[in-house]
Amino acid sequence: MTWLAAVLSDLYPWTKTLHVISVISWMAGIFYLPRLYVYHAERVSQGLPEAEEMFRTMERKLLRGIMNPAMIATWFFGLCLVFTPGIVDWSMAWPWTKAASVLGMTWFHHWLSSRRKEFALGQNQRPGRTYRLMNEVPTLLMVLIVASVIVKF
């Protein structure tokens, strides 16, 4: 066993703990930010410009202060788990479905980030309904991720 494999094996319980904490933090933001966008789009379209700056601040702080660091930590600790000997059996389907779903969740994160920039510039063209519908995407991906890891199909 290489020194890196030995270190990863020794740190496995902590790596897994930090991965789960990071995922929970990331998912909290992933579920909340589209909801903020719904309210932002609807309040501004109702002619409540005083709400504009409040929403911009909340969205920026959520994305930059919580979601971005949580996504990075999730990826870092997740990759540490992938490289820990004996944790992932790549001959099974579950790591592939989880990996595809995590890539999908990362795409969604970046989609949300692009929408935040549009809101910040006052260029949002999407109605609240779009954000309500898009808020279902992370739920479906979460179900696939959790089922993949727990059931290991």
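Please work out the average accessible area per residue across segment 1-134, using the 1.4 Å probe convention, and give it in Å².
Here the per-residue accessible area is 58 Å².
Please name whichever of CYS80, LEU140, ALA93 sits farthest to the positive end of the charge dipole of the chain, dipole taken about the Cα centre and charges placed at Cβ: Lys and Arg +1, Asp and Glu -1.
Checking the options against the dipole of the chain, the answer is LEU140.
With an 8 Å cut-off on Cα pairs and a minimum separation of 6 or more residues, tell me the relative contact order of segment 28-113 in percent.
Working: 27 pairs, mean separation 26.9, N = 86.
In percent, rounded to a whole number, it is 31.
At a Cα cut-off below 20 Å, give the lysines reachable from LYS152, other chains included and same-chain residues fewer than 8 away excluded.
Hits, sequence-local ones excluded: LYS16, LYS98.
Note the angle between two axes, namely the Cα long axis of helix 50-61 and the longest principal axis of the Cα atoms of the chain, as a number of degrees from 0 to 90, rounded to the nearest 10.
10
So how do HIS110, HIS19, HIS40 rank on accessible area, 1.4 Å probe, biggest first, that is with the largest at the start?
HIS110, HIS19, HIS40
Run the dipole for segment 1-58 about the Cα centre, Lys and Arg Cβ at +1, Asp and Glu Cβ at -1, nothing else charged, and hand back the magnitude in debye, nearest 20.
Dipole magnitude for segment 1-58 comes out near 180 debye.
Given a cut-off of under 8 Å on Cα pairs at least six residues apart, what relative contact order in percent is computed for segment 3-151? Each step should come with its number before you reach the end.
Values: 121 pairs, mean separation 55.4, N = 149.
The value is 37 percent.
Would you list which lysines come within 22 Å of LYS61, measuring only between C-alpha atoms, while excluding same-chain residues fewer than 8 positions from it?
LYS117
For Cα extents along the principal axes in Å, the listed values are (1) 63, 28, 18; (2) 41, 31, 31; (3) 70, 38, 29; which was obtained by calculation from the structure presented?
For Cα extents along the principal axes in Å, the calculated option is (1).
Per-residue accessible area for PHE76 at 1.4 Å probe radius, Å² rounded to 10?
The accessible area of PHE76 comes to roughly 120 Å².
Quick one: Cα centre-to-centre distance for segment 61-121 and segment 1-51, in angstrom?
9
The values are calculated or read from the model by the stated rules, or taken from the named source; none is laboratory data. No experiment lies behind these values; they were computed from the predicted model shown. Virtual Cβ from ideal backbone geometry, glycine too; neighbours counted across all protein chains shown. The protein model used for the area step is the full one, side chains on, heavy atoms only, and it has no ligands, DNA or RNA in it. Shrake-Rupley method; radii C 1.70, N 1.55, O 1.52, S 1.80 Å.
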